[in-house]
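Derivation of every value follows stated rules applied to the coordinates shown; laboratory data play no part. All figures in this text were calculated on a predicted structure; none of them were measured in a lab. Cβ coordinates were reconstructed from backbone atoms using ideal geometry, including for glycine residues, and neighbour counts include every protein chain displayed.
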Amino acid sequence: MKQSAAAAIVALALATACGGASAGHGHGHHRGHGDRVPHPELSAAQYAAMLDDPERDAWQMPERLVRELGISRGMTVADLGCGSGYFLPYLHAAVAPDGHVLGEDIDAELLAIAHQKIEQQGLTTVTLREGLPADPRLEAGRYDFVLLVDTYHHILDRPTFLGHVRRSLRPQTGRFVVVDFREDATRGPPRQHRIPRADVIRELGQAGMRLDRELTFLPHQFVLVFAASST
Ligand SMILES: C[S@@+](CC[C@H](N)C(=O)[O-])C[C@H]1O[C@@H](n2cnc3c(N)ncnc32)[C@H](O)[C@@H]1O
């Protein structure tokens, strides 16, 4: 592809950053170029360049987010929809040396890029897993934190997906964190693809989870921390 055409595609992707619906993606086959959610027009490398753009750090504040959530040494954490692994180095640094980070996604090619990052940066606590669109394939009762960053709006069968997440939380103390773009944010997917904060809280309530905490320092995204309703 000519450089100018590639640049135009990346510019379009940045304009709609993380937008698009994931309709039409069935279960049980390896995904890659052509059915990438939400950017089928991008190669995995192009999408990873967008997700891992160093300029993202200024508004995503990954270190502060991990710290203020209370993710710490020895914990077991899952990053669902981890993509090319933007958050994995920060999660590793927080839980190392004796914790564990699981990076999960439905896109095998993005996971391959995350794998390279793990090798190159020596992220010894991190393992990767390919999940299914409605089932991240998590162990029951294991996780101190399950994170879902900029991915909630891509999940179609949320009742099923959220049921799996709830079962994966460590009893009493486990927390599920949803980070996604606010309706008024100047970054993020097109407005029609954004799910309002109140709808996220309502859907989580229907899935047996209650809002426990909220962090409000990110300029474009809400950070909602949920506990199982029985705790
Ligand atoms: C906007 S990207 C965010 C990636 C990463 N969380 C980050 O913050 O850089 C959305 C990711 O969600 C993944 N995804 C979409 N639907 C998914 C599903 N049902 N289960 C797991 N991952 C999914 C996509 O493959 C993509 O990597």
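Measure out, as a whole number of angstrom, how far apart the alpha-carbon centroids of region 89-148 and region 188-203 sit.
Region 89-148 and region 188-203 have Cα centres separated by 25 Å.
Go ahead and run the numbers for FRET between GLN116 and TRP59, Cβ-Cβ distance against an R0 of 25 Å, rounding to 0.05.
Efficiency, from the Cβ-Cβ distance: 0.50.
If you rank TYR152, TYR47 by fewest surrounding Cβ atoms within 10 Å, what's the result?
On the way: TYR152 23, TYR47 26.
Going from sparsest to densest Cβ surroundings: TYR152, TYR47.
Run the numbers on region 39-141 and let me know its relative contact order in percent, using alpha-carbon pairs under 8 Å that are six or more apart. Each step should come with its number before you reach the end.
On the way: 152 pairs, mean separation 25.8, N = 103.
Across region 39-141, relative contact order equals 25 percent.
Would you work out the relative contact order for region 99-142, in percent, from Cα pairs under 8 angstrom that are 6 or more residues apart?
Numbers: 41 pairs, mean separation 21.4, N = 44.
Rounded, it is 49 percent for region 99-142.
For a label point 7 Å from the Cα of THR186 along Cα→C-beta, name the residues of region 43-60 whose backbone N is under 14 Å from it.
Taking a point 7 Å out along Cα→Cβ of THR186, the residues of region 43-60 whose backbone N falls under 14 Å are 59.
Place the peptides 62-69, 88-95 in order of packing, highest mean first, counting for every residue the other Cβ atoms within 10 Å and averaging per peptide. Let's see the in-between values first.
Numbers: 62-69: 16.8, 88-95: 22.2.
Result, highest mean first: 88-95, 62-69.
If each residue of separation counts as 0.36 nm, what is the full-extension length gain between ARG202 and SER72 once their alpha-carbon separation is subtracted?
Full-extension gain reported as 43.9 nm.
With a Förster radius of 25 Å, plug the Cβ-Cβ distance of THR173 and ALA45 into 1/(1 + (r/R0)^6) and report the FRET value to the nearest 0.05.
Details: r = 38 Å, r/R0 = 1.54.
Here the calculated transfer efficiency is 0.05.
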